[in-house]
1. Only one residue in LEU193, LEU163 is modelled with pLDDT of 85 or more and either in a loop (DSSP other than H, G, I, E, B) or over 30 Å from ASP277 (Cα atoms) (or both), so which one is that?
2. If you scan the range 151-192, which residues turn out to be of a type in the set (Val, Ile, Thr) and under 14 Å from TRP105 (Cβ atoms)?
3. Just wondering, is there one or more residues in the range 10-20 that are touching a residue at least 60 places away in the same chain (Cβ under 8 Å) and within 22 Å of VAL194 (Cα to Cα)?
4. List every residue pair whose Cβ atoms sit under 6 Å apart, with the two residues 6 or more apart in sequence or on different chains, where the first one lies in the range 173-202 and is more than 17 Å from TYR232 (Cβ to Cβ) and the second, anywhere, is in a helix (DSSP H, G or I) and β-branched (Val, Ile, Thr).
5. Just checking, which of ALA54, ALA41, ALA6 is buried (at least 20 other Cβ atoms within 10 Å of the Cβ), small (Gly, Ala, Ser), without any contact (Cβ under 8 Å) to a residue 60 or more places away in the chain and farther than 23 Å from ASP112 by Cα?
6. Confirm whether GLY74 is among the small types (Gly, Ala, Ser) and over 17 Å from PRO192 (Cα atoms).
7. Condition first: touching a residue at least 24 places away in the same chain (Cβ under 8 Å) and among the small types (Gly, Ala, Ser). Now tell me which residues in the range 57-76 satisfy that.
8. Right, GLU29: surrounded by fewer than 22 Cβ atoms within 10 Å (Cβ to Cβ) and either modelled with pLDDT of 90 or more or under 26 Å from VAL181 (Cβ atoms) (or both) or not?
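The values are calculated or read from the model by the stated rules, or taken from the named source; none is laboratory data. Keep in mind the model is a prediction, meaning the values are calculated, not measured. Using ideal geometry, Cβ is built from the backbone for each residue, glycine included, and neighbour counts are taken over all protein chains shown.
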Amino acid sequence: MTTASADELFQQGMRLLPPWNYEGDDRDERFAAGVSVIRQAAEAGSLDAADYLAHGGADDDERMRWSRLLADVGETGPLTSHLTDSDRATIGALVLAAGRNGEAWAMLALSDVYGMGMENGDGVNVATLDGSFGWMPAVADPDAEARRWLELAVAAGFGPAQLRLAGDVRAGEPARALELVEAGLASEPLHPLVRQRAERLRATLMDELGLSMEEDMADIEATDPVRARALYAQAAAEADVDALRELGRMCEEGIGGPVDLDAAKEHYEQAAEFGADHYARTRLVERWGLDWYAVGPDE
């Protein structure tokens, strides 16, 4: 029997929910059943399910629980929504204290709220308005305060903050943006979905800077072979011949992970067939005795 993934559970839960305008007698029952499955999905790691509960949980405690979890992986939107609610001054004070105490998730949330940059009735740009956000100290330059909190989260080694800052500086400082992405990818833990977005940004930045994967990966492999193997695997899934060859080599030699000769042979075969790669063909001949690879099936 197969077990539904977290995202599949979330979709099941959403299908169980009654339509927004449903008025049947079983409306509450259907809603409770759907939310129950969505909770299971959130517990299993679905960020979509956590986001649903962060906005529509049963009570403040549940909404804040999932908002806090999302903030831990850099998804601060739900928490920011709660923090900008004038009825949540107590929660805001707790987040401010957490940020001042060095908790990076709170620093990132504070950066988001200050970054909204509001004005008071006199046209002075401050971070607070009379009667709301009273938990935040007013500042003359909210944008600078937002950047200060973001830089603090980056200095704390918080991967999502490093990736956020990379996006901010990308236009003017692409090389620094790439350094920040690399640092973010090296941070642990980093949620798989956040990592996927970071890998896409990294590839874009390398293209903008005119860097090839092969040139850059040599440095990564020397310092972090586990990560290099994972990056090669990602590129190999797109039939990148260089990545297939290097992934085969790492699997054959046990670099960045266990020796896996079956996988090595498979990757070498794909590199040989897709791109007539000389190294891959040579290894297939020398290690597995597959003589036809010496010239290849297409020659």
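1. Values: LEU193 fails: modelled with pLDDT of 85 or more.
On inspection, the qualifying residue turns out to be LEU163.
2. Here is the first cut: in the range 151-192, the residues of a type in the set (Val, Ile, Thr) are 154, 169, 181.
Selection gives VAL154 alone.
3. Step one: of the range 10-20, the residues touching a residue at least 60 places away in the same chain (Cβ under 8 Å) are none.
The answer is no, given that none of the residues of the range 10-20 is touching a residue at least 60 places away in the same chain (Cβ under 8 Å) and within 22 Å of VAL194 (Cα to Cα).
4. Filtered contacts from the range 173-202: ARG176/VAL169; ALA177/VAL169; LEU201/VAL181.
5. Details: ALA54 fails: farther than 23 Å from ASP112 by Cα; ALA6 fails: buried (at least 20 other Cβ atoms within 10 Å of the Cβ).
Every option except ALA41 fails the conditions.
6. Details: among the small types (Gly, Ala, Ser): yes; over 17 Å from PRO192 (Cα atoms): no.
Here the answer is no, as GLY74 does not meet what is asked.
7. Across the range 57-76, the qualifying residues are ALA71, GLY74.
8. Numbers: surrounded by fewer than 22 Cβ atoms within 10 Å (Cβ to Cβ): yes; either modelled with pLDDT of 90 or more or under 26 Å from VAL181 (Cβ atoms) (or both): yes.
So GLU29 passes the test.
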